[in-house]
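One structure is given here, and the rest of the page talks about it.
The values are calculated or read from the model by the stated rules, or taken from the named source; none is laboratory data. Note that the structure is a prediction, hence the values are computed from the model and not measured. Backbone-built Cβ (ideal geometry, glycine too); neighbour counts: all protein chains shown. The protein model used for the area step is the full one, side chains on, heavy atoms only, and it has no ligands, DNA or RNA in it. Shrake-Rupley method; radii C 1.70, N 1.55, O 1.52, S 1.80 Å.
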Amino acid sequence: MSEAAITNGIGYGGQSTGNQYDAVIIGAGFTGLYQLHLLRDRLGLKVRVLERGDGVGGTWYWNRYPGARCDSESHSYCYYFNDEILQEWEWSERYPQQPEIVRYLNFVADKLVLKDDIQFGANVTAARYDEAANRWQVETETGEVFTAKYFITGVGCLSSANVPDIPGRDSFKGDWYHTGQWPHEGVDFTGKRVGQIGTGSTGIQAVPVIAETAAHLTVFQRTANYSIPAQNGPLSDDFKRWAKENTDEIRKTMHASSNGHPFLIADRKVFDVGEAERQEIYEKAWEFGGLRFRATFHDLLLDKAANDTAADFLKSKIREIVEDPQTAETLATIDHPFATKRPPIDTGYFEAYNRDNVSLVDLRKTPIVEITETGIRTTDAEYDLDIIVFATGFDAMTGSLLKLGIVGREGMPLSKAWEAGPRTYLGLQVAGFPNMFTITGPGSPSVLCNMPVAIEQHVEWVADCIEHMEKNGIDRIETTEEAMAGWVDHVNDAANATLLPQAGHSWYLGANVPGKPQVFMPYAGGMARYRSICDEVAAEGYRGFVFSGAGAPSNRQAAQ
């Protein structure tokens, strides 16, 4: 704890003379806005949201890179808890761009009058649990301290940028940018020689847009990737009307879906149909575009032979689109089953390689040796560049949490508790960290889902839990080591029942960050199943949690 914190009237065993709240929430994205609304407006609690940025938006506040766009369809990428908001807001495109998503979140924040309880420009650097006081002490980089009974993290799963530590990076005399920390004023690529490292979801979105104005774009491919055309476009008036008239049905479908999208995975299996019919199904899904491609058959992520049929179809499309045979082969030499890494959707990605000003470098064959003052040197060649773009993803799911400097009971840092990989119960709590809730944390469906659906379910569960505690005079809730261990085993079993772990270099495993423990982090059992489990836990007296305090029943013990 800093000297500033002590000056502000707080010590390890004391209380702050100011900034005392019932709950402190970190982050003003989809999670923070809704959690604030429920705790303040439904439960009547005193709540403060601390947001590092200067406005609402969460991950979308920072991710402003060229081509930044959601891969969930717009009519599903929004809150469904408020019918008035659903009817008043109107999306313009099938897949919304970053500015439109930020406008939407500002619309919601203004509609619900949330900004008065959000402190912008508040970068949290420490959060320590004071066991004697049963309060969390949360400190920002300016030394300001906030105390609260409940500490809720809404920092997002994809918010902590992963900038690779390539030798010589800081010697580069041009400009370099990470897609997750993009300048708000934008970057002018006109007439520039640009190098982009990374071809995941972000890189695939950025390539066609950068290529439009750059003098030349060199794409350094670390891992070849599948991608499906988004088939994006303006929404018709008929579709907008249909979406507003059928909100209940859309909500019901998203809640029943394994991935929270407004469509269900087909019941049929790949080999239930003949090859000709299967190709026709794939072709129609390709033409329709988007993530529905992976919903064409029930067993695409369960059976390798079934998955191979989809993978072969998508690889054939790459070879069909890309004119240069060598480039096509480099792009189509994919080493993991389809959809075992985040499956990108694109607008003109493979077509971009047919441009004269775009070239591809295969880093599997010719790795980067160093970044020089003038560009990038591989084992094969030197590339003179004016700008380097790192489309290298994030320290996903855990990075943003660990950066908060969280310390629980008995001085246990979260970084120490997770040194062998993240362990939670339901993705919501960590043993040793009472009254802390990790919204869409590791061990929950989170990134395997349409995120607003997962966020709404978590936020509502936490609000219900806190309401139960407040009504019954319960001071503290904490999961147990036994419950956490059982859930981690279940998460592993759910992942191993699929092909997902076969992508050994996936950020789902943390494999994109050197030195990070490789543990499959999201819950792969499906959003609908997960929702049911969480409901059962609450209905059974919050099984797996222990309550304490004056109003706590004595039998709230974890199920063994």
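Of note:
- Of all residues in region 260-294, those satisfying the criterion of being outside any helix (DSSP H, G or I) and either surrounded by fewer than 19 Cβ atoms within 10 Å (Cβ to Cβ) or modelled with pLDDT under 95 (or both) are Phe263, Leu264, Ala266, Asp267, Arg268, Lys269, Val273, Gly274.
- Within region 185-194, the residues that satisfy the criterion of being buried (at least 16 other Cβ atoms within 10 Å of the Cβ) and either closer than 12 Å to Ala211 by Cα or in contact with a Cys (Cβ under 6 Å, 6 or more places away or on another chain) (or both) are Phe189, Lys192, Arg193, Val194.
- Look at (1) of a type in the set (Phe, Trp, Tyr); (2) more than 23 Å from Tyr95 (Cα to Cα); (3) in contact with a helix residue (DSSP H, G or I) (Cβ under 8 Å, 6 or more places away or on another chain); (4) open to solvent by less than 50 Å² (accessible area, probe 1.4 Å) and you find that Trp182 fails only one, number (2).
- Test result for Gly121, at positive phi and at pLDDT 95 or above: yes
- The one condition in (1) in contact (Cβ under 8 Å) with a residue 60 or more places away in the chain; (2) in a loop (DSSP other than H, G, I, E, B); (3) of a type outside the set (A, V, I, L, M) that Asp188 fails to fulfil: (1)
- Residue match in region 236-243 (condition: hydroxyl-bearing (Ser, Thr, Tyr), farther than 30 Å from Gly525 by Cβ, assigned to a loop (DSSP other than H, G, I, E, B) and out of contact with any Ser or Thr (no Cβ under 6 Å at 6 or more places or on another chain)): yes
- The selection criterion, being over 30 Å from Met469 (Cα atoms) and touching a strand residue (DSSP E or B) at 6+ places or on another chain (Cβ under 9 Å), does not hold for Val138.
- Picking from residues in region 245-284 that are of a type in the set (A, V, I, L, M, F, W, C) and free of Cβ contacts under 8 Å to residues at least 24 places away in the same chain, the one that is farthest from Leu302 (Cα to Cα) is Ala276.
- Of all residues in region 44-59 being free of Cβ contacts under 8 Å to residues at least 60 places away in the same chain and surrounded by fewer than 23 Cβ atoms within 10 Å (Cβ to Cβ), the one that is nearest to the chain's Cα centre (by Cα): Lys46
- Test set (1) surrounded by fewer than 16 Cβ atoms within 10 Å (Cβ to Cβ); (2) assigned to a helix (DSSP H, G or I) - Glu323 fails condition number: (2)
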